[in-house]
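To start, the structure itself, in structure tokens.
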Amino acid sequence: MLEIVIFSTLNGILYGLLLFMLSSGLTLIFSMMGVLNFAHASFYMLGAYFAYTLGMHTGFWPALILAPLLVGALGALVERFGLRRVHANGHVAELLFTFGLAYVIDELVQMMWGTVAVAYREPAYMREPLFTLFGTDYSIFRGVVILISILMFVALWYLLKKTRVGLMIRAALTHGEMVGHLGHNVPRLFMGVFGFGCALAGLAGVIGGPIMSTEPGMAATLGPIVFVVVVVGGMGSLQGAFYASLLIGLIQTFFVAVNASVADVVNAMGANLDPYGELGRISLATLAPMTPFILLVLILIFRPRGLMGELEP
Amino acid sequence: MMLEVNDLHAYYGKSHILNGVNFAMQEGEVVALLGRNGVGRSTTVKSIMGEVPPQGSIRFRGEEIAGMPNHRIARRGLGYVPEDRDIFPTLTVRQNLELGIKNTRKPGKWKVEQFLDMFPNLARRADAPAGVLSGGEKQMLTISRTLMGDPELIMIDEPTEGLAPLIVKQIGELISEIAKAGVSILLVEQKLSIAMDISHRVLVMGHGQIVFEGTPEELREDEATRKEWLEV
Ligand SMILES: Nc1ncnc2c1ncn2[C@@H]1O[C@H](COP(=O)(O)OP(=O)(O)O)[C@@H](O)[C@H]1O
Ligand SMILES: [Mg+2]
């Protein structure tokens, strides 16, 4: 039992950190530019595939740096030559643009890398155990992923709180036009933030790919969950996205790990449900993929502005 | 010429707000742009900054700036303090001032400390989020922030609106200070009040056009214009 709790907590945190790496970029882009980027998870997928291909030539560590940079540059180009032009036609046009972009990227990935998963793995030495608890190994790679995520967030925090560019970004979150009146190039700032958000998503792909499997459906699997994180956290709130990422990461992981059925749970709360009935025999693990969306529905009913958001979606 | 506006038109959707605005400003001049609420004074300064798409000609130091992105206009030396006093509420007072600087490697003639000395209320809250400031303090902060970018011409939209007489007096002093530093000022106001002592010239706007141009004394004597276009 204790073993399950400890490992599920670790895995839930790791999954939550990956979710935050995606949702932080998405929420920054949304609150600054008003664009809900449907293609965000596609940049995450590109990160994994780029790292796979680059890694065959350069090895894991250089690919860890190069792949997110490449994804970020691609994101910046998409903003500069796509979104910026579409922007003139309003938010619906932007939404449709990113929607189309997601499909284009998905198709391109299938054309280039095929429709089945590629063998993107962490280096062999990182598969060794970092520590062993109750006879179960925790790999070095998972430790590295957690470490990279934490370093990334410290860097993000530093950028936003301590640098001049960060001040401009935070100012533009509420008063973009005014930042421009002061002589700062806001369109360039938007391009930078979009590219940076995509690079973060790419980084999540590079370190998440070996854990979650690098296949053409990975964007479609994670994309909706990232949106749930942003809504549950509160549209535009980084802090909210952080809590929601960890919350959803932990809930989903625990549902998978706990060996119990719906009947076990409700009967433990005093109900009397037939453990072999249609509903009672469903295991919690099969419900796991649904949990983020149940949370989404509950949040929209009971707290529409999300955990920390000021706006209603 | 510092600023020349020729046959400026502007629209909100289908409604035609500016209907051929013409005026010019000399180097170092302080000009008041007066008029009743809703006549298009804010729209005039907004279209000069490109916030509302302008039609017609706007020349700054002889160069056409109509329709340029606002940061490029600002970098040419045009400062703008909008009427909603858009301070950055989550940034501290000091950070607000620092963001006014356009180029950190080329220090300008205005310094953060100078404004903190001038306004003890801002100094006391220098490291607090600017969102907590009072209306008057926010007004001091926005004007100071725009000055940090060393504008050659500053357009200030209704700085005294809704503020107590004592604060209005302080703002008048700040504006005199700016004029003394040789910065040209386009001051948007409703009535003659503070504009009277400071302005060299007065423009009165009515229905999207300039309907009077003269010195403050000339406006004071021109009762017909005042009755028709200013007083309620
Ligand atoms: N964003 C807007 N959309 C539509 N109409 C507007 C908008 N802003 C101002 N107007 C209209 O344009 C006219 C001029 O407004 P404005 O330039 O703000 O006047 P002033 O600053 O002289 O009070 C007014 O009739 C106002 O109702
Ligand atoms: Mg106005």
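The values are calculated or read from the model by the stated rules, or taken from the named source; none is laboratory data. Values in this document were obtained by computation on a predicted structure and should not be read as measured data. Quick reminder, even Gly has a Cβ in these numbers, built from the backbone with ideal geometry, and neighbours come from all protein chains shown. Remember, those area values only see protein heavy atoms, side chains included, never the ligands or the DNA or RNA. Shrake-Rupley method; radii C 1.70, N 1.55, O 1.52, S 1.80 Å.
Note on A:Ile65/B:Ala123: beta-carbon distance plugged into 1/(1 + (r/R0)^6) with R0 of 41 Å gives a FRET efficiency of 0.40.
For the set A:Ile65, A:Ile13, solvent exposure ranked by accessible area (probe 1.4 Å, protein chains only) runs largest to smallest as A:Ile65, A:Ile13. To put it simply, the accessible area of chain A at a 1.4 Å probe is 70 percent carbon and sulfur.
At a Förster distance of 45 Å, what's the computed FRET efficiency of A:Val116 paired with A:Asp264, Cβ-Cβ distance as r, to 0.05? Taking R0 as 45 Å, the efficiency between A:Val116 and A:Asp264 is 0.80.
Using the 1.4 Å probe convention, the accessible area of segment B:90-165 works out to 42 Å² per residue with neighbouring protein chains retained. Close amide-amide hydrogen proximity is noted between B:Gly20 and B:Leu8, B:His9, B:Ala10, each under 5 Å apart and 5 or more residues distant or on a separate chain (H modeled in the peptide plane; Pro and chain starts excluded). For the pair segment B:166-232 and segment A:52-113, the centres of their Cα atoms are 54 angstrom apart. Using the Cβ-Cβ distance between B:His9 and B:Asp84 with R0 set to 25 Å, the FRET efficiency works out to roughly 0.60.
So if the hydrodynamic radius of segment A:229-306 is defined as the Kirkwood radius over C-alpha pairs, what does Stokes-Einstein give as its diffusion coefficient at 20 °C and 1.002 mPa s, in µm² per second? Display every interim value, and only then the final one.
Details: Rh = 13.6 Å.
After rounding, the answer is 158 µm²/s.
Does anything in segment A:194-213 have its amide N under 17 Å from the 7 Å Cα→Cβ label point of A:Arg80, and if so which residues? Correct set: A:194-199. Per-residue Karplus couplings for segment B:209-225, computed as 6.51 cos²θ - 1.76 cosθ + 1.60 with θ equal to phi - 60°, are listed in order as 9, 7, 10, 8, 9, x, 7, x, 4, 4, 5, 4, 7, 8, 5, 4, 4 Hz, Gly and Pro entered as x. Projected onto its three principal axes, the C-alpha set of chain B covers 48, 37, 33 Å, listed from the longest axis down.
To the nearest ten degrees, helix A:91-113 and the longest principal axis of the Cα atoms of chain A are 70 degrees apart. When every Cα-Cα distance of segment A:188-244 is counted in 10 angstrom steps from zero, the calculated P(r) takes the values 21, 43, 34, 2 percent. Contact order, relative form, for segment A:2-302: 34 percent (alpha carbon pairs under 8 Å, 6 or more residues apart, mean separation divided by residue count).
Output the 0 to 90 degree angle, nearest 10, between the alpha-carbon long axis of helix A:140-162 and the longest principal axis computed from the alpha carbons of chain A. For helix A:140-162, the angle is close to 40 degrees. Taking every residue in A:181-192 and counting other chain Cβ atoms within 10 Å of its Cβ, the average works out to 6.
What is the dipole size for chain A, taken about its Cα centre, with +1 at each Lys and Arg Cβ and -1 at each Asp and Glu Cβ, in debye to the nearest 20?
On the way: 14 positive and 15 negative charges, 202 e Å.
For chain A, the charge dipole is close to 980 debye.
For chain B, take the longest principal axis of its alpha carbons; what is the angle in degrees between that and the long axis of helix B:165-180, to the nearest 10 within 0 to 90? Rounded to the nearest ten degrees, it is 90.
If the chain between A:Thr58 and A:Ala285 were fully stretched, how many nm would it gain, using 0.36 nm times the residue separation less the Cα-Cα distance? Spell out each step's value before the answer.
Working: separation 227, 0.36 × 227 = 81.72 nm, distance 3.86 nm.
Residue separation times 0.36 nm, minus the Cα-Cα distance, leaves 77.9 nm.
Out of every Cα pair in segment A:2-302, what percent are spaced more than 34 Å from each other? Counting pairs separated by more than 34 Å, the tail of P(r) holds 25 percent. The residues of segment A:2-302 expose on average 45 square angstrom of accessible surface per residue, using a 1.4 Å probe on protein heavy atoms. Mean sequence separation of contacting Cα pairs (under 8 Å, at least six apart), scaled by the length of segment B:40-121, corresponds to a relative contact order of 17 percent.
Surface composition of chain B: carbon plus sulfur atoms hold 48% of the accessible area, using a 1.4 angstrom probe and ignoring ligands, DNA and RNA. Comparing the full protein assembly with the isolated chain (1.4 Å probe, heavy atoms, ligands and nucleic acids excluded), the residues of segment B:57-99 losing at least 40 square angstrom of accessible area are B:Asn70, B:His71, B:Asp86, B:Phe88, B:Thr90, B:Leu91, B:Gln95, B:Leu99. The calculated P(r) of segment A:80-207, using every Cα pair and 5 Å bins from 0, goes 2, 8, 11, 14, 14, 14, 13, 9, 7, 4, 2, 1, 0 in percent.
Exceedance of the 32 Å cut-off in Cα-Cα distance is limited, within the set B:Lys102/B:Lys138; B:Lys14/B:Lys102; B:Lys14/B:Lys111; B:Lys111/B:Lys227; A:Lys162/B:Lys106; B:Lys102/B:Lys169, to B:Lys14/B:Lys102; B:Lys14/B:Lys111; B:Lys111/B:Lys227. Other residues with beta-carbon under 15 Å from the beta-carbon of A:Thr214 carry, at +1 per Lys or Arg and -1 per Asp or Glu, a net charge of -2. The interface between chain B and chain A buries about 1900 Å² of solvent-accessible area in total (1.4 Å probe, ligands and nucleic acids excluded).
Using θ = phi - 60° in the Karplus curve 6.51 cos²θ - 1.76 cosθ + 1.60, the 3J(HN,Hα) couplings for segment B:60-67 round to 10, 6, x, 9, 5, 10, 4, x Hz; x is entered for Gly and Pro.
Annotation: amide H of A:Met308 within the under-5 Å range of A:Gly234, sequence separation 5 or more or interchain, hydrogens built in the peptide plane. Running Debye on the protein assembly as shown with equal point scatterers at the Cα sites and no solvent, what base-10 log of I(q)/I(0) appears at q = 0.05, 0.06, 0.08, 0.10 Å⁻¹? Values, matching the q order: -0.29, -0.41, -0.66, -0.89.
Of all the options A:Ile207, A:Ile225, A:Ile105, the one that moves most in a Gaussian network model of chain A with Cα springs shorter than 10 angstrom is A:Ile105.
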